[in-house]
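Values quoted throughout were computed directly from the atomic coordinates according to the rules given, and no laboratory measurement underlies them. Please read these numbers as outputs of a predicted model, since none were measured by experiment. Here the Cβ positions follow ideal geometry from the backbone for every residue, glycine too, while neighbour counts run over all protein chains shown.
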Amino acid sequence: MGKSINIINSTAVPLNIENVDTDQIIPARFLKATSRDGFGKNLFRDWRYENNDESKPKKDFPLNDPRYKGQILVAAKNFGCGSSREHAAWAIKDAGFDVVVSSFFADIFKNNSLNNFLLPVTVSEGFLKQVFDAIDKDPGAQLEVNLQDQTITLPATGVQEKFDINNYKKTCLLNGYDDIDYLLSMKDEISQFEKQ
Amino acid sequence: MYIDRHLIHEVTSPQAFAGLNKRGIKVLRPKQVVATADHNVPTINQHLPIKEELSRLQVEALKKNCEEHGIELYGLGHPFQGIVHVIGPELGITQPGMTIVCGDSHTSTHGAFGSIAFGIGTSEVEMVMATQCLMQSKPKLMRINVEGKLNNGVVSKDIVLYILSQISASGATGYAVEFAGSAIRSLSMEARMTICNMSIEMGARCGMIAPDETTFGYMKGRKFAPQGTDWDQKLAYWKTLKSDEGAVFDKEIFIKAGDIEPMITYGTNPGMGIGVSGHVPSLNEIEEKEKPSFEKSLAYMGLQPGAGIKGKQVDYVFIGSCTNSRIEDLRMVASFVKGKHKADNVEVWVVPGSKQVEKQAIEEGIDKVFEEAGFMLRQPGCSACLGMNEDKIPAGKYCISTSNRNFEGRQGPNARTFLASPLTAALAAITGRVGDVREYQS
């Protein structure tokens, strides 16, 4: 169903703020759609614009800074806390990101991301700092994320770190599988369980 | 994991139904699904069509989807309508030992009955609709023990805000949390629900409390609770649902109930709380790398590092949400404000959690108490907890709120939220300021 993910080489957008909650990622007033599309334009809506006015972008917000672009969002600790709204993952993916890097993800957000082929990469605090520093020094700094090998690398310095991912979810992401197909194939087992 | 009960609402279900339709399949076990409209419904004139078009469309889509898939819907106008985490327990749908999910993070509320209950995203909602199952990795285990007697003026909301202030908004991420100890056992079911409700604010997968006589007493006679011999059998099973003596947890936290005072948050995540008599941390109390986030938070709130919070003027008081909108919360507020009147500078909204709560409040004359106090008793829904409907706090204004999140913009763009207990909120309604309820109670 989704687009598979393996190796991503890209520049990154830095968002060095801790405890970014899903209300910031996509404010509740934008949850009224009945489809999954189009949430990207309201990503970080209230941090991007003055008084909700699209003609007044906040210049110091990284997503508005023309120096920063790419498929990777780099965020600080406890990213995606709060509400279970999957719209947060949809909005990030819809805005063109395939990877979010942080030292710590909130649980539900992490699951929602994995279910939408948005790869959450958890790194150490030390590595995260190096990534922020590298982007700070050179907004064109590349990052390489390799899902098969479970590595994230800063090619400029050669610094590399391994990251964890559930094996089953890794297979899903690498092959574009989704959980529902897998669970549907277990229908008989589910009926058996219900009879116990 | 097999799911016993699936609760759905208008905001996180439409894309899941669309997914099923695309696959050409129906909801597998519609009798195990219960639906209500709560997140974006207006809280006045619920008998009229919803004015806001997108909200109306979502509520209509829920109705259509429920009809097509044979799901019971307690929609607007139904005597059982209300906030999904209020109606589940009050109708006896929530039972000990069940697995319960909902596309809403505050599903952890139901853990107060000794059930495994947690919030899920819309893809997972679709998964449960299609298969009644979820893929889950096993969480780590944490027990938070609160022992001793609570101080005067301290209620369950203060306990959970205190825990949050100690372990932070990410302190329980990756854990299933059991709340235990004599102070927890002494609480009513409503009060226990308040605590489990906010376990997600610590990042926990779920929060739970072992069922006991208080639980069984609450459940007996509820609309969908077991009856007759079925009750006896279930009760025998429920009594087995507790942690073994000597059970080992990955992490254990001990809290003295006597250390807890009435709490209030000063920042923009629920872990940023202090006792009402305390002060906002000063900059030298904050770790270097956390300073930018801390300063951003205080700038948003219009507060200074090191400042006291008592006496701070508020503009709005919101009593409601899945955290604190049950009949006991309304009774607590009513008994405090009876015979008093709100301060001129505040607007006070009381939003009952459900039609059943509203009915009970009217039967007990609580509506009259509120009317005489100048409070507005509105109709059930999530309301100003997340401002998806018209109930928004204006930019720059301060709201003392019994809800669960003080995130930037949560109650409306640039609105500023102080989270507190119903008692502390009631006091602020009367005085127009943040105060210490202990100074007003005998």
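Only one entry in B:47, B:39 is in a loop (DSSP other than H, G, I, E, B) and within 13 Å of another protein chain (Cβ to nearest Cβ), namely B:39. In segment B:111-132, the residue that is farthest from the other protein chains (Cβ to nearest Cβ) out of those that are hydrophobic (A, V, I, L, M, F, W, C) and outside any strand (DSSP E or B) is B:113.
For (1) surrounded by fewer than 24 Cβ atoms within 10 Å (Cβ to Cβ); (2) out of contact with any Phe, Trp or Tyr (no Cβ under 9 Å at 6 or more places or on another chain); (3) free of Cβ contacts under 8 Å to residues at least 24 places away in the same chain; (4) within 14 Å of chain A (Cβ to nearest Cβ), each residue gets a yes or a no:
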{"residue": "B:350", "(1), (2), (3), (4)": "no, no, no, no"}
{"residue": "B:355", "(1), (2), (3), (4)": "yes, no, no, no"}
{"residue": "B:374", "(1), (2), (3), (4)": "yes, yes, no, no"}
{"residue": "B:377", "(1), (2), (3), (4)": "yes, no, no, no"}
{"residue": "B:380", "(1), (2), (3), (4)": "no, yes, no, no"}
{"residue": "B:400", "(1), (2), (3), (4)": "no, no, no, no"}
{"residue": "B:405", "(1), (2), (3), (4)": "no, yes, no, yes"}
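Across segment B:114-158, the number of residues qualifying as crowded, with 19+ Cβ neighbours inside 10 Å, more than 20 Å from the chain's Cα centre (by Cα) and acidic (Asp, Glu) comes to 2.
Within segment A:153-170, the presence of at least one residue that is surrounded by 15 or more Cβ atoms within 10 Å (Cβ to Cβ), farther than 18 Å from residue A:120 by Cβ and more than 14 Å from chain B (Cβ to nearest Cβ) is confirmed. Scanning segment B:61-75 for residues that are of a type in the set (A, V, I, L, M, F, W, C) and in a strand (DSSP E or B) yields one hit, B:73. Is it fair to say residue B:174 is touching a residue at least 12 places away in the same chain (Cβ under 8 Å), crowded, with 24+ Cβ neighbours inside 10 Å and over 22 Å from residue B:258 (Cα atoms)? Against the criterion (touching a residue at least 12 places away in the same chain (Cβ under 8 Å), crowded, with 24+ Cβ neighbours inside 10 Å and over 22 Å from residue B:258 (Cα atoms)), residue B:174 does not qualify. Determine which member of the set A:46, A:23 is part of a helix (DSSP H, G or I), in contact (Cβ under 8 Å) with a residue 24 or more places away in the chain and within 12 Å of chain B (Cβ to nearest Cβ). Unique residue meeting the criteria: A:23. Here is the figure for segment A:171-196: residues that are facing chain B (nearest Cβ under 9 Å) and either among the hydroxyl-bearing types (Ser, Thr, Tyr) or closer than 21 Å to residue A:70 by Cα (or both) total 1. Considering (1) in a helix (DSSP H, G or I); (2) in contact (Cβ under 8 Å) with a residue 60 or more places away in the chain, the lone condition that residue B:368 does not fulfil carries the number (2). Within segment B:407-433, the set of residues being under 15 Å from residue B:315 (Cβ atoms) and touching a strand residue (DSSP E or B) at 6+ places or on another chain (Cβ under 8 Å) comprises B:411, B:415, B:416, B:417, B:418, B:420, B:425, B:428, B:429, B:432, B:433.
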